[in-house]
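What follows is a single structure, written as structure tokens, with notes after it.
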Amino acid sequence: CVACPANFYCTGNRTLPNPCGAGTSTNALTSRTASSACALCANGYTSTEGESCVQCAAGTISSADRTTCTMCPDGQYTTTNTACSTCAAGTATTDHVTCLPCTSGYACPTQNSVTEVACTPGYYSSIGSPLGCVECVAGDACPATAADWTSGSSYNSLYTCPLGTYSLAGSRVCTACPARFYCPDRTYDSRTPCPLGSYSAASASVCTTCPAGSYCDNTTDSPIACPPSTFSATGATNCTTCPAGFACPSATSIIACVAGQYSLDGEQTCTSCPAGYYCPSATAAVPCAPGTASPGGLGTCAACATGYYANISGLTTCGQCPAEYYCPDAVASPIPCDVGYTSALGAQTCTLCAAGTYWNRGCFPCPAGRFCPDPQSPSMECPGGTLSTLGSTGCSLCPAAMYCPNGTSVAIPCVIGTYSLGGLASCTACPADYACTVDGTLTMCDLTNGYYSPIGDASCHLCPAGQVCLSAAGGNVTKTCDPGTYRLSGSITCLACPPGYMCPYSQFGPMRCPKGTYAGVAEVACTSCPAGTACLNRTQPIAVSYTHLRAHETPEHLVCRLLLEKKKKKTIVKKTTMLTQKRRTNRRAKYLI
């Protein structure tokens, strides 16, 4: 025997199993001997003939006979497959399993509707709102779709207006508060003008106090910067010009000028009190009064020290009283010293010039070569024959052997050949026949011994041979001896050449006439004895006669001897002449040397 299968029942041992009818199934615990073994499927399940019960698909419920599963109607859902329930207001279902809330900004007209309807502008709905689309309240905005939200967000429902905006009931968007206004309440048109001294840009819920350095006069939506040389505190409706005595380096600061500075209205900086001025109140610079001065940057002017002056107002420094002036009063100009008086720098009085000085806009030492007996008078030149040193009150006599022209400060020695006994403006030429020493002493030449000196010669000279030296009365000259005369050194006169001698040169002594010649007194040359004569003593010719025959000498011998002597005489004369010329040449050379 085979066991009766599930979902079948068996009525006898010899019959085939009978299937359970649709909507039923057997229970494993029950016997399957009769049709009563087939039980109705549980609610939410169905079966076909001879099959087990199967749960209905999601969103469906089983029929009463459990033979079919039926989808829940629109707007209804089931989670047990046993019965359909209606979705709550504000929700809807599309799978009949769950009810989903309506999307914000949309309404679900009925629970059975699966189509959402967008709220119109000015209305809103929250997710699953059972009320559907509701008019937007004041202070909120209700765009219908995302495109209506200007910021591009995904809001599709009510949102609260941000600060600085407002809305009325049923508004689609929030209205921004305009510039120069503020909107303290979102729920109504609360636009309020900003008070003076404050400002606002668009969408402001409060007004901002105007910052320092700017002003706010309700004509702009931002602060207006103060121009240079003005300033303002916070909340200002206008800018204030920087007052005198203050500096406004920026529109936010005002600084009082310190001592020694000043400023006028509308200045950005304090100015240091200029030189020659003082600033007692920091609002103006005042010129220093006469007798005072200021280098600048001071609150007061300093009085001039003793010996200084400021004769006009507005001076930067007091001037020191110049030399040769005096300044008894600091407010007056320097007064020049009187003639003969002097002063140093910074003097209050003048003093009399010292002795030995002269005045020329000041006392100066009397120059050398001049004398100054009175300092109140000009210097005077020392006359010739006198001299003076620096700072002299008088002139001294020029010393001996020196001379002093007009205005001499140092005596000048006399040149050689001149002399001075002192007190002369020029040296005197040494007189004839005198020697002049360097100390000015005169010494007469030894005229008796043939000495002389010409005018202006410093020493005596021996009269040269062959010349005569005349006395000073004769003109102080030398004269060459006449022909036929001679003078040797040391002689004062020219001597006539003696007989038998010749004097061809006055500076040499007489020369003996050679044999066969003769010479008388003062002869330059010897003369040959004429024929028929003989010159035995060479002073004159003597006629020759036979009485002149020597012993044992015949006349023929005499003639022959005379001829030989004549020839010999010529030779001697010739030799004598040559010797004389040679001696003359040698002596001339020696003399020249």
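Observations on the model:
- Note on the range 347-384: residues that are aliphatic (A, V, I, L, M) and within 29 Å of Ser426 (Cα to Cα) total 2.
- Inter-residue pairs, beta-carbon under 6 Å, first within 20 Å of Ala400 (Cα to Cα) and in the range 439-459, second in a loop (DSSP other than H, G, I, E, B) and modelled with pLDDT under 75, 6+ apart: Ile455/Asn476
- A count restricted to the range 38-75 and to residues that are more than 25 Å from Thr98 (Cβ to Cβ) and among the aliphatic types (A, V, I, L, M) stands at 3.
- Single residue of the range 420-462 satisfying the filter (among the aliphatic types (A, V, I, L, M) and in a strand (DSSP E or B)) that is surrounded by the most Cβ atoms within 10 Å (Cβ to Cβ): Ala435
- Filtered residue count, the range 174-202, keeping only those that are assigned to a loop (DSSP other than H, G, I, E, B) and surrounded by fewer than 18 Cβ atoms within 10 Å (Cβ to Cβ): 13
- Count of the range 65-106 residues, restricted to those that are of a type in the set (Val, Ile, Thr) and not in a loop (DSSP other than H, G, I, E, B), is 3.
- Restricting Ala83, Ala138, Ala118, Ala146 to residues that are modelled with pLDDT of 85 or more and closer than 30 Å to Asp189 by Cα narrows the list to Ala138.
- Count of the range 11-27 residues, restricted to those that are closer than 15 Å to Glu49 by Cα and in a loop (DSSP other than H, G, I, E, B), is 6.
- Every residue from the range 347-383 that is hydroxyl-bearing (Ser, Thr, Tyr) and either at pLDDT below 85 or crowded, with 17+ Cβ neighbours inside 10 Å (or both): Thr357, Tyr358, Ser377, Ser379
- You will find that of Val2, Val54, the residue that is open to solvent by 50 Å² or more (accessible area, probe 1.4 Å) and modelled with pLDDT under 85 is Val2 and no other.
- The single condition among (1) open to solvent by less than 60 Å² (accessible area, probe 1.4 Å); (2) touching a Gly at 6+ places or on another chain (Cβ under 8 Å) that Ala225 does not meet is (1).
- The set of residues in the range 117-136 being part of a loop (DSSP other than H, G, I, E, B), buried (at least 16 other Cβ atoms within 10 Å of the Cβ) and touching a strand residue (DSSP E or B) at 6+ places or on another chain (Cβ under 7 Å) consists of Cys119, Gly122, Ser125, Gly128, Gly132, Cys133, Cys136.
- All positions within the range 266-308 that are open to solvent by 70 Å² or more (accessible area, probe 1.4 Å), within 29 Å of Pro227 (Cβ to Cβ) and of a type in the set (Val, Ile, Thr): Thr269
- For Asn238: the one exception among (1) open to solvent by less than 50 Å² (accessible area, probe 1.4 Å); (2) of a type outside the set (Gly, Ala, Ser); (3) at pLDDT 90 or above: (1)
- The set of residues in the range 245-265 being open to solvent by 30 Å² or more (accessible area, probe 1.4 Å), aliphatic (A, V, I, L, M) and closer than 20 Å to Pro228 by Cα consists of Ile254, Ile255, Ala256, Leu264.
- Hey, Ala284 in contact (Cβ under 8 Å) with a residue 12 or more places away in the chain and either aromatic (Phe, Trp, Tyr) or in contact with a Phe, Trp or Tyr (Cβ under 7 Å, 6 or more places away or on another chain) (or both) or not: yes
- When residues in the range 29-51 are screened for being surrounded by 13 or more Cβ atoms within 10 Å (Cβ to Cβ) and either of a type outside the set (Val, Ile, Thr) or assigned to a loop (DSSP other than H, G, I, E, B) (or both), 16 of them pass.
- Given (1) surrounded by fewer than 20 Cβ atoms within 10 Å (Cβ to Cβ); (2) at pLDDT 85 or above, number of the condition Arg66 does not satisfy: (1)
- Taken over the range 301-324, the criterion of being free of Cβ contacts under 8 Å to residues at least 24 places away in the same chain and either of a type in the set (S, T, N, Q) or part of a strand (DSSP E or B) (or both) is satisfied by Ala302, Asn311, Gly319.
The values are calculated or read from the model by the stated rules, or taken from the named source; none is laboratory data. Treat the numbers as computed from the prediction; the structure is a model and nothing was measured. Virtual Cβ from ideal backbone geometry, glycine too; neighbours counted across all protein chains shown. Heads up: the accessible areas ignore ligands, DNA and RNA and are worked out on the full protein's heavy atoms, side chains in. Shrake-Rupley method; radii C 1.70, N 1.55, O 1.52, S 1.80 Å.
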